[in-house]
1. Within a 10 angstrom radius of the beta carbon, how do 149, 347 rank from fewest other beta carbons to most?
2. If you stretched the chain out fully between residue 351 and residue 240, how much longer would it get, using 0.36 nm times the residue separation minus the C-alpha to C-alpha distance?
3. 7 Å from Cα along Cα→Cβ at both residue 329 and residue 249: what's the point-to-point distance in nm?
4. Work out the FRET efficiency for residue 13 and residue 425 from their Cβ-Cβ distance, taking R0 = 30 Å, and round it to the nearest 0.05.
5. Compare the peptides 80-89, 116-125 by average per-residue count of other Cβ atoms within 10 angstrom and give them in order, highest first.
6. Go through 51-60, 239-248 and give me the packing order, highest mean Cβ count within 10 Å leading.
7. Using Cβ contacts closer than 10 Å as the measure, can you line up 178, 435 from fewest to most?
8. For a Förster distance of 30 Å, can you work out the FRET efficiency between the beta-carbons of residue 87 and residue 435, rounded to the nearest 0.05?
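Laboratory data are not the source of any read-out in this text; all were calculated from the coordinates shown. Since we're looking at a predicted model, the values are computed, not measured. FYI the Cβ positions are ideal-geometry reconstructions off the backbone, even for glycines, and counts take in every protein chain you see.
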């Protein structure tokens, strides 16, 4: 009598589904899934927070720089640099900074004080926000653009030193400027020697009337550049062109500053923060590998008799192996997605707990922590969890009668090697530093 459809052995997919449902009901697969979920949650929570913190640091670093890139010089920037920036559609703003003496009018005492004059163009600032007060006790408001003609914005310390008030005149060179606003926050002030002198902001168009700019004047010129949304490639093209142009001519006294090539204090802050957060992420990944491997080994030990019975019933090794591979792939994907969602919620707790320390509104995270969490979860389960489970397909039917045979052996070395290689690649990826990643891999191998 030919076999009916009910006599046919189940397919690998059907067998995987049945095994997954049974193992979940028994609680065995739930333990393994929970290990992966918690591992991915820990990794993605750190990843989401690190990503937001790095984006915030990069944003604030651009504010400190005054733009996405800056051409700094001790003379007006060559016209070709400005023309090329406009040709690529980049936003530009210029500023001139120099020390000078600020004086109160004679009728107000005539006191004088060294000040740091900064003349800015209409587009200032390109990044960050200039915050002003109309009076010492007035609320802070954000302002974009240069002071109006004939007006000056000054540090409160200058008014205290010269015994002036908002609305009084400040003498700079041959011109008198009316103080109309007090500077609360200047985003691109920097940390040079002149940063300790009270700041006075004026319109660049008013500078010529002061008579302060002379051929031998020590003036710092800055051409700030900012890319429009989606214009990062144009900015990178300009930075590469300008850097090559400055070095090839060469242009004396001209230098290009960016997050990568300038302001070493910014670069050091970003690098140190990135390395610290990468160490935390690496630790979470290593602990996840250990937890997954232990849970998978226990899972395999508990299923030796089940696989021996399946072999007795005629299921081939290949079908058993494929069923477990499909089962673990499905569980790994579900647990990884759950871990990403849990990590997203947990990282909000980090943000709330550290709100006072961070002191700024962090930008939203990007998709890379979620994708990385999914990759780590699948690699952990398939690379570290699946090899001992695949050995179940090699359990001989004789184990049904002899319990001393069929113990897991060092098989599936190819799968294990592939999993280890994938995990090493993920460690190197999350570290973003080959040296740090290799140290972590070496330490993990030594501990194993």
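1. Starting with the residue having the fewest Cβ neighbours, the order is 149, 347.
2. 36.3 nm
3. The answer from the label model is 5.9 nm.
4. With R0 = 30 Å, the Cβ-Cβ based efficiency is 0.55.
5. Result, highest mean Cβ count within 10 Å first: 116-125, 80-89.
6. Listed from highest to lowest mean packing, they are 51-60, 239-248.
7. Ranking 178, 435 by Cβ neighbours within 10 Å, fewest first, gives 435, 178.
8. 0.15
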